[in-house]
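Participant: Take this structure, written in structure tokens, and hold onto it; I'll ask about it next.
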Amino acid sequence: MGDISIDCVGQNCPVPLVETRKALRKASPGDVVEVTGTHPSSKREIPMAAEAMGLEILDVVEDGERWTIRIRK
């Protein structure tokens, strides 16, 4: 489990991306932000946005429609 967890299950874009950005701004360097959701395009957009911010994507795990992305600040 990450240092900061965000549950965006059932929420459509842009909510998961906006919530992830907010959490990443609050996170300290080295913290892991874990985002869980179900919206397919968010699963692609969140890692792209994190990489654009120069952050490390630890993993993207899929479980049926549900996905979890872990990002290190």
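Participant: What pairs can you find where one residue is in the stretch 14-30 and under 15 Å from ALA52 (Cα atoms), the other is assigned to a loop (DSSP other than H, G, I, E, B), and their Cβ atoms are less than 9 Å apart, with a gap of 6+ or different chains?
Facilitator: Every condition considered, the pairs that remain are ARG21/MET53; LEU24/ASP31; LEU24/MET53; LEU24/LEU55; LEU24/LYS73.
Participant: Taking ARG44 as meeting all but one of (1) within 16 Å of CYS8 (Cβ to Cβ); (2) touching a strand residue (DSSP E or B) at 6+ places or on another chain (Cβ under 8 Å); (3) not polar (S, T, N, Q), write down the number of the exception.
Facilitator: Exception for ARG44: condition (2).
Participant: What is the number of the single condition among (1) of a type in the set (D, E, K, R); (2) surrounded by 19 or more Cβ atoms within 10 Å (Cβ to Cβ); (3) not in a helix (DSSP H, G or I) that GLU62 does not meet?
Facilitator: Condition (2) is where GLU62 drops out.
Participant: I'm trying to understand the selection: among the residues of the stretch 46-59, which are over 12 Å from GLY2 (Cα atoms), acidic (Asp, Glu) and surrounded by fewer than 12 Cβ atoms within 10 Å (Cβ to Cβ)?
Facilitator: Just the residues of the stretch 46-59 that are over 12 Å from GLY2 (Cα atoms), to begin with: 46-57.
From the residues that got through so far, the ones that are acidic (Asp, Glu) too are 51, 56.
Matches in the stretch 46-59: GLU56 only.
Participant: Restricting to the stretch 22-45, name every residue that is crowded, with 16+ Cβ neighbours inside 10 Å, assigned to a helix (DSSP H, G or I) and out of contact with any Cys (no Cβ under 8 Å at 6 or more places or on another chain).
Facilitator: Correct list: ALA23, LEU24, LYS43.
Participant: Now for a different question. So if I check each of SER42, SER5, SER28, which one is at pLDDT 95 or above and touching a Pro at 6+ places or on another chain (Cβ under 7 Å)?
Facilitator: SER42
The values are calculated or read from the model by the stated rules, or taken from the named source; none is laboratory data. From a predicted model like this one, the values you see are computed outputs, not experimental measurements. A quick note on method: Cβ atoms are made from the backbone with ideal geometry, for glycine too, and the neighbour counts reach across all protein chains shown.
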